[in-house]
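Structure first, commentary second.
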Ligand SMILES: [Zn+2]
């Protein structure tokens, strides 16, 4: 048997140490689930990853992508909110008459909606940098 490289790094970042005289090994890290096999060329390689762990990875990836997407939307809203006329905000929250509060609420809503138009169309606007 060819002497393999002493250490390989697993997908989880763990340095693998392989048992002598065996051709199969499992990563010991929790939630990793990588299965290593000694190939004919004398190198250890990952043959497959246990399905449950693959699901975990897929879910993690999905959550990460959602985080990015929501962060974009949130940033866009907050950036647009910074440009709202402070007078509108004041009238919106402090006017005596409900009619005036409604008026400024509507103005703020229209302003924000218009500010988010580039985002809505999927175009790269000033909010997506
Ligand atoms: Zn691993």
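Laboratory data are not the source of any read-out in this text; all were calculated from the coordinates shown. Keep in mind it's a predicted model, so treat the numbers as computed, not measured.
For the chain, the longest principal axis of the alpha carbon atoms and the long axis of helix 98-115 meet at an angle near 40°.
Counting only the Cα atoms, the stretch 45-101 fills a convex hull of 112 Å³ per residue. Report summary: the helix-based calculation at 222 nm, which adds -39500 (n - 2.57) for every DSSP H run with n ≥ 4 and divides by the residues of the chain, gives -16000 deg cm²/dmol.
Distances between every pair of Cα atoms in the stretch 8-49, grouped in 5 Å steps from 0 to the bin holding the largest one, split as 6, 26, 36, 23, 8, 1 percent. log₁₀ I(q)/I(0) of the chain at q = 0.15, 0.16, 0.18 Å⁻¹, via Debye over equal Cα point scatterers, no solvent, to two decimals? One equal scatterer on each Cα of the chain leads to -0.80, -0.86, -0.96. Between the helical axis of 51-82 and the dominant principal axis of the chain, each derived from Cα atoms, what acute angle in degrees is found, rounded to the nearest 10? With both axes taken from Cα atoms, the answer is about 20 degrees.
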